[in-house]
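Only one structure is covered here, and it is reproduced in the block below.
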């Protein structure tokens with residue numbers, strides 16, 4: 001059914017890389033959410049009023065908040081379409097993340113309000129009147145919310161939208177919440193024990209947990225989330241595939257929206273190669289890899305000595321020593337300034353953020369290690385923290 005609706009209402013639906021098509025998907029999803037959630041809320045309010053069930057009424061309020069969330073999603077995708085301007089040179093696509101964050105806060109607030117109502121119901125219980133209409137409404141609601149969850153997840157995968165994944169998770173939790181209410185009614189009918197307030201509290205707690213989880217998920221991109229492994233591997237592999245690139249490191253990726261990626265990386269080239277030739281190589285990589293991966297790519301060129309056995313051996317020894325201090329560390333930009341009385345070893349060390357040692361502690365231990373390699377060796381060390389996930393950090397120069 002989702003495929004039929006997409007074909008019917010989204011023009012050029014297969015071109016998901018097109019920002020206009022992506023926005024059309026967002027508007028379509030928001031409209032579907034508004035219509036279906038308003039209908040569900042109306043039917044549940046009716047069923048809750050007829051039966052006097054707080055749990056059913058709470059579920060109706062939850063669906064009404066979903067409608068508000070769909071409106072936020074709709075507006076978010078619309079605003080994210082705005083082109084870049086002088087005040088926002090990176091575009092407006094991060095508005096989609098903001099809309100997802102607003103949806104998450106709406107879910108949390110609704111959950112907190114329902115907790116208060118459920119506690120009052122538990123303290124002063126009134127028996128709900130369970131009837132066939134209420135049962136039928138709840139069953140249809142479960143089926144509708146299950147379809148909604150699958151629908152949002154399908155669209156979310158097509159356009160890789162965190163907002164729609166959050167909405168799909170919310171719909172999935174609605175399925176669980178309504179099922180719990182239905183189960184509570186069955187137990188109340190068969191045993192006579194009034195579970196309405198407790199079921200309402202269970203629904204409210206589930207809503208709160210979902211809201212907290214979604215706040216974290218939707219705020220991560222705004223705070224500066226590390227790029228995923230697949231993207232990092234693609235960038236490194238594409239850059240290193242070019243002849244003349246000896247290694248790559250210090251990759252930094254910034255995200256300004258689902259389709260707005262900016263990256264910078266350091267690439268090592270032979271120091272003896274003509275600088276104009278190396279510069280031309282870097283320019284060509286930026287022009288080809290950037291559009292190929294859909295990112296704005298900037299490359300910093302690092303010349304390295306490759307044909308000096310003494311420097312290469314010292315480089316190997318320093319790498320071994322640094323890994324003894326921190327196994328996940330990597331050494332790059334290594335060079336030696338040889339002198340008659342002493343030699344300066346200049347290099348950078350990159351470690352993951354989870355490294356327990358401070359930069360000062362690392363620097364001190366590494367300098368002691370360099371001294372152990374030779375009394376006439378002095379080190380100039382720069383310690384960096386890796387801006388990509390440590391699951392695959394530190395492997396690109398090996």
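The values are calculated or read from the model by the stated rules, or taken from the named source; none is laboratory data. As the structure is a computational prediction, the values presented were derived from the model and not from experiment. FYI the Cβ positions are ideal-geometry reconstructions off the backbone, even for glycines, and counts take in every protein chain you see.
Run down 260, 335 and say which single residue is surrounded by 18 or more Cβ atoms within 10 Å (Cβ to Cβ) and at pLDDT below 90.
Details: 335 fails: surrounded by 18 or more Cβ atoms within 10 Å (Cβ to Cβ).
Going through 260, 335 in turn, the sole match is 260.
Residues are listed down the side, and each one gets a yes or a no for (1) within 35 Å of the chain's Cα centre (by Cα); (2) over 14 Å from residue 381 (Cβ atoms):
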position: 307; (1), (2): no, yes
position: 310; (1), (2): no, yes
position: 323; (1), (2): yes, yes
position: 333; (1), (2): yes, no
position: 346; (1), (2): no, no
position: 349; (1), (2): yes, no
position: 353; (1), (2): yes, yes
position: 365; (1), (2): no, no
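Does residue 42 qualify as being assigned to a helix (DSSP H, G or I) and buried (at least 19 other Cβ atoms within 10 Å of the Cβ)?
no
Run residue 252 past the list (1) crowded, with 19+ Cβ neighbours inside 10 Å; (2) modelled with pLDDT of 80 or more and report the number of the one that doesn't hold.
Checking residue 252 against (1) crowded, with 19+ Cβ neighbours inside 10 Å; (2) modelled with pLDDT of 80 or more, the one that fails is (1).
How about the range 117-160: which of its residues are outside any helix (DSSP H, G or I) and surrounded by fewer than 24 Cβ atoms within 10 Å (Cβ to Cβ)?
Step one: list which residues in the range 117-160 are outside any helix (DSSP H, G or I), which gives 124-131, 160.
124, 125, 126, 127, 129, 130, 131, 160, listed by residue number.
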